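Here the structure comes first, spelled out in structure tokens, and everything after it is commentary.
The values are calculated or read from the model by the stated rules, or taken from the named source; none is laboratory data. Every value quoted in this text rests on a predicted model; they were computed, and no experiment measured them. Cβ coordinates were reconstructed from backbone atoms using ideal geometry, including for glycine residues, and neighbour counts include every protein chain displayed.
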Amino acid sequence: MPPEAKALLRTSGINAGYGTMQVLWGVDLDVRAGETVLLLGANGAGKTTFLKTLVGLIEARNGSIVLADEDVTRTRSSDRMRRGMTYMSELAVFPDLSIEENILIGAQALGHARPQSRLEELYGLFPVLRDKRRDAASSLSGGQRKMLGIAKALAADPKLLVMDEPSAGLSPLFVKEVLRILGSLRERGLALLIAEQNIGFLEVATRVFVLEGGRIRFSGTVAEMADNEALRRAYFGLK
């Protein structure tokens, strides 16, 4: 991704938290069109709080969020979705609904023109979901639920997919499958922002931001991160 590429998403000076507890402190981050950005950090670093602020589930106390040249800092989550940003939480799906119902909920942002055709496109990408389309999401394995969560988030045909811990609860085999799918989405030109603590996701990243204690401690390419001695010890040295 060339450094002069235009930012699809840019946050500046984001402060956020819960009640009297501040979690985020001046977070600056950007995602360029078509690139994959990894937000790397340990549990409690503030990753989920940042993503929820980004998509409008938590109100930013200070700072700005600009999506496709529009300031969306004070807009509703639904408006941000209509502007091209969708969110896949760690839970990802509605377990009591069927697979097809989950995907159609995700497609609501498209209006009534394309949901069925989008459904068929996604079944082509995730054939295991087509075979189980009438089954409850709760009947799926952990890895299959993650596939459904990705399909549900993609149903709105977003420009930017924001993902919270897509590896959570998955076996190493299913993590590899998620990485394969994310690689194929990147090849299709979809921008991805992935919050993770699993360094395996560096293999699909264009750039990486390291969040620690609610502050960005590093931003740069994966190679630049590997060259940083402190980060190499903290992350690449993990067994």
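Going residue by residue through the range 129-136, is there one that turns out to be part of a helix (DSSP H, G or I), modelled with pLDDT under 95 and out of contact with any Phe, Trp or Tyr (no Cβ under 7 Å at 6 or more places or on another chain)?
Yes: one or more hits.
Report every pair of residues separated by at least 6 positions or lying on different chains whose Cβ atoms are under 7 Å apart, first residue within the range 6-26 and in contact (Cβ under 8 Å) with a residue 24 or more places away in the chain and crowded, with 21+ Cβ neighbours inside 10 Å, second among the charged types (D, E, K, R) and in a strand (DSSP E or B).
Leu8/Arg32; Leu9/Asp30; Thr11/Asp28
Only one of these is among the aliphatic types (A, V, I, L, M), in contact with an Asp or Glu (Cβ under 9 Å, 6 or more places away or on another chain), within 25 Å of Gly189 (Cα to Cα) and assigned to a helix (DSSP H, G or I): Leu51, Leu39. Name it.
Leu51
When both residues are 6+ apart or on different chains and their Cβ atoms are under 7 Å apart, which pairs have a first residue that lies in the range 170-195 and is free of Cβ contacts under 8 Å to residues at least 40 places away in the same chain, and a second that is among the charged types (D, E, K, R)?
Leu170/Lys146; Phe174/Lys146; Val178/Lys146; Leu179/Glu203
Is there a residue being under 20 Å from Leu9 (Cα atoms) and assigned to a strand (DSSP E or B) anywhere in the range 173-189?
No.
Inside the range 137-155, can you point out the residues that are of a type in the set (A, V, I, L, M, F, W, C) and in a helix (DSSP H, G or I)? Can you show your working first?
Step one: filter the range 137-155 for residues of a type in the set (A, V, I, L, M, F, W, C), giving 137, 140, 147-148, 150-151, 153-155.
If the condition is that a residue be of a type in the set (A, V, I, L, M, F, W, C) and in a helix (DSSP H, G or I), then Ala137, Met147, Leu148, Ile150, Ala151, Ala153, Leu154 are the ones that fit.
Look through the range 71-124, keep the residues that are in a strand (DSSP E or B) and free of Cβ contacts under 8 Å to residues at least 60 places away in the same chain, and return whichever of them is surrounded by the fewest Cβ atoms within 10 Å (Cβ to Cβ).
Taking the range 71-124 as the starting set, the residues that turn out to be in a strand (DSSP E or B) are 71, 85-88, 98.
Still in the running and free of Cβ contacts under 8 Å to residues at least 60 places away in the same chain: 71, 98.
Working: Asp71: 10, Ser98: 17.
Out of the qualifying residues, it is Asp71.
Which one is modelled with the lowest pLDDT, of the residues in the range 196-239 that are of a type in the set (Gly, Ala, Ser) and in a helix (DSSP H, G or I)? Full working, then the answer.
Keep residues of the range 196-239 that are of a type in the set (Gly, Ala, Ser), which gives 200, 205, 213-214, 219-220, 223, 226, 230, 234, 237.
Next cut, in a helix (DSSP H, G or I) only: 200, 223, 226, 230, 234.
Values: Gly200: 93, Ala223: 90, Ala226: 82, Ala230: 77, Ala234: 74.
In this case the residue turns out to be Ala234.
Which residues, taken from the range 23-58, are over 14 Å from the mean Cα position of the chain (by Cα) and among the acidic types (Asp, Glu)?
Asp28
Please enumerate the residues belonging to the range 134-159 that are farther than 19 Å from Thr86 by Cα, basic (Lys, Arg) and surrounded by 14 or more Cβ atoms within 10 Å (Cβ to Cβ).
Result: no residue meets the conditions.
Quick check, is Leu193 buried (at least 16 other Cβ atoms within 10 Å of the Cβ), out of contact with any Leu (no Cβ under 8 Å at 6 or more places or on another chain) and outside any loop (DSSP other than H, G, I, E, B)? Give the steps one after another, and end with the answer.
Details: buried (at least 16 other Cβ atoms within 10 Å of the Cβ): yes; out of contact with any Leu (no Cβ under 8 Å at 6 or more places or on another chain): no; outside any loop (DSSP other than H, G, I, E, B): yes.
Against the criterion (buried (at least 16 other Cβ atoms within 10 Å of the Cβ), out of contact with any Leu (no Cβ under 8 Å at 6 or more places or on another chain) and outside any loop (DSSP other than H, G, I, E, B)), Leu193 does not qualify.
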